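Okay, structure first, notes after.
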Amino acid sequence: MSRRNTGAGLLRSALDSRVPSSSGRRSRRDTPRSSRSLRASQAASRDVSDDDFDDTASIASDSTWLLDEDERELVQEVGDNWEDLLKASLESLNEKRASVREKTLEGIIRLMSHVYIGDGLEGHRVTLLEALQRGTRSSKSAREQQLSLQAIGLWFINFGTGDEAEEEFESVDRQLRKLLEEPEVDAQVQAQAVSTLAIANFISSADYRDAVGLQQFIRGILEDALQERQMEVALQGFSAIGLLLTVLANSDITLAEHQFDEDYELHMRGLKCDSVEVRVAAAQNIAMMHEALSQDRKPFAFDNQYELVGVLEMLKHESNKRLGRRLSVKQRLAMRDVLNTIEDGQAPTLKLTLFNRTLLFDDWVCISRLQAFRAALGGGLPEHLANNGLLQDVFEIELDAPEDTAHSKRRVVVGPSSDLAKLRTLDMRRRRDERHQAMHAEVED
């Protein structure tokens, strides 16, 4: 058997068969984070359930928060062996047969979403990213492009805070924009490219003002998607704009307001789409911006808020017969949350029990960010919340060692209104400005 086929087989065996390997494993170096990984995943699997969420929050009633039995076995089986598996799979991405490359990509996606790997793969991180970028070329099948784009988003979640991540982001940003500008791009590829661009920008861009340019670029794609009734692309467009607005809302609220003014009519059009998912995404962006703009100017009101509230009320009471019960309930709960924010200044509260701690996500900025990472990571979200420092920084989560948490339970409130969040926001803004000035100084020199 060739080395290439051996690499693909290793990854498939670990990620598909769930049969424990009888071969020896080379252990990763024992670091505090890697040694915590298995115990954290077990805690997440045990503690996260639908019962842990407040049913009043329409975004919180989804089983994708759970690590099911197969996923739990995946985390435990791969364990310290993931680095060997990924290295062995890199050659399989050069296999001539598209079916082999696609199967390998599926395994890589499953691994990177369910196991935090950001502390390893020394010397191979860029190699992996470059291999994934090759899979996005227009000469590849739509399926391989979509999988490669999804894997690139996960690469940034795992490695996007590294020293070279900013340079890698710029390369990916150029490539994906070029892809999106090509004629006749498959709708699923287009939707995934928009999502990946947004998550990569959020994680690795050095300057928050870069989000403005990307939001303007996505605006054109969203306008076309609404015109052509491409609902999957429209959904990712609204979700991406929402994530980028969270950056601006925490960094420059005046700039955020200006950007949202440019997109407001698009959001009103989104509320009138046939797709419930698109309506909900557009409505939640509106709620987030209303909340952000109300912090300094109470009460804030949009120029045509009477019309907006009327549309939201109509959607809230839309008949079950037209949508079906499941979609009707989803839309009704979402519109109720948005109306509560606009009329009463009250955001929904999402609860998540992790590592024997109750985490509360009680503002729209945090909720929008959580939705973005949830969409990228799926059932692996609890594992990354427990072990990925990026997510812990984004959501202001501090977790003690497992020995300390086994005998205590404390509520951790996550929200930008806290003093800690405000201080960290100012510090992040200062560091971004320093990096921006340093880059411009190098250019001038």
Scanning segment 340-358 residue by residue, those more than 25 Å from the chain's Cα centre (by Cα) and either surrounded by 23 or more Cβ atoms within 10 Å (Cβ to Cβ) or among the aliphatic types (A, V, I, L, M) (or both) turn out to be Ile342
I need the full set of residues from segment 117-131 which are open to solvent by less than 30 Å² (accessible area, probe 1.4 Å) and in a loop (DSSP other than H, G, I, E, B), in order please.
Ile117, Gly118, Gly120, Leu121
Residues located in segment 160-182, provided they are hydroxyl-bearing (Ser, Thr, Tyr) and either under 18 Å from the mean Cα position of the chain (by Cα) or surrounded by 23 or more Cβ atoms within 10 Å (Cβ to Cβ) (or both):
Thr161
Here the residues within segment 309-320 that are part of a helix (DSSP H, G or I) and over 24 Å from Tyr264 (Cβ atoms) are Asn320
Taking segment 132-159 and keeping only residues that are of a type in the set (Gly, Ala, Ser), touching a residue at least 24 places away in the same chain (Cβ under 8 Å) and open to solvent by 10 Å² or more (accessible area, probe 1.4 Å), one is left with Ser138, Ser141, Ala142
Enumerate the pairs (first residue in segment 326-355 and closer than 18 Å to Val280 by Cβ; second residue anywhere and crowded, with 21+ Cβ neighbours inside 10 Å and among the basic types (Lys, Arg)) with beta-carbon separation below 9 Å, excluding pairs fewer than 6 apart on the same chain, so at least 6 apart or on different chains.
Gln331/Arg279; Ala334/Arg279; Met335/Arg279
From Asp274, Asp252, which residue is at pLDDT below 95, more than 22 Å from Lys316 (Cβ to Cβ) and more than 19 Å from the chain's Cα centre (by Cα)?
Asp252
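For every residue, the table says whether it meets (1) part of a helix (DSSP H, G or I); (2) aliphatic (A, V, I, L, M); (3) free of Cβ contacts under 8 Å to residues at least 60 places away in the same chain.
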{"site": "Asp274", "(1), (2), (3)": "no, no, yes"}
{"site": "Glu291", "(1), (2), (3)": "yes, no, no"}
{"site": "Glu307", "(1), (2), (3)": "yes, no, yes"}
{"site": "Arg322", "(1), (2), (3)": "yes, no, yes"}
Criterion first (touching a residue at least 60 places away in the same chain (Cβ under 8 Å) and under 25 Å from Ala200 (Cβ atoms)) does Leu266 satisfy it?
no
Of all residues in segment 183-218, count the ones that are outside any helix (DSSP H, G or I) and either within 20 Å of Ile157 (Cβ to Cβ) or open to solvent by less than 10 Å² (accessible area, probe 1.4 Å) (or both).
4
Going through (1) part of a helix (DSSP H, G or I); (2) under 30 Å from Leu323 (Cα atoms); (3) open to solvent by 10 Å² or more (accessible area, probe 1.4 Å); (4) touching a residue at least 24 places away in the same chain (Cβ under 8 Å) one by one, Phe260 fails only at (3)
Pair list, Cβ < 6 Å and 6+ apart or interchain, from segment 88-109 residues that are touching a residue at least 40 places away in the same chain (Cβ under 8 Å) to residues that are among the charged types (D, E, K, R) and outside any helix (DSSP H, G or I)
Arg101/Glu95
Report whether or not Thr161 is in a loop (DSSP other than H, G, I, E, B) and not aliphatic (A, V, I, L, M).
yes
Which helices (runs of 4 or more DSSP H) sit wholly inside segment 325-392 and have at least 2 residues that are under 29 Å from Gly310 (Cβ atoms)?
325-344, 364-377
Might you check whether a residue that is part of a helix (DSSP H, G or I) and within 24 Å of the chain's Cα centre (by Cα) occurs anywhere in segment 293-302?
yes
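The values are calculated or read from the model by the stated rules, or taken from the named source; none is laboratory data. This is a predicted model, so every value here is computed, not measured. Cβ sites come from the backbone with ideal geometry, for glycine too, and all protein chains shown count toward neighbours. In case anyone asks, the SASA skips ligands and DNA or RNA and just uses the protein heavy atoms, side chains included. Shrake-Rupley method; radii C 1.70, N 1.55, O 1.52, S 1.80 Å.
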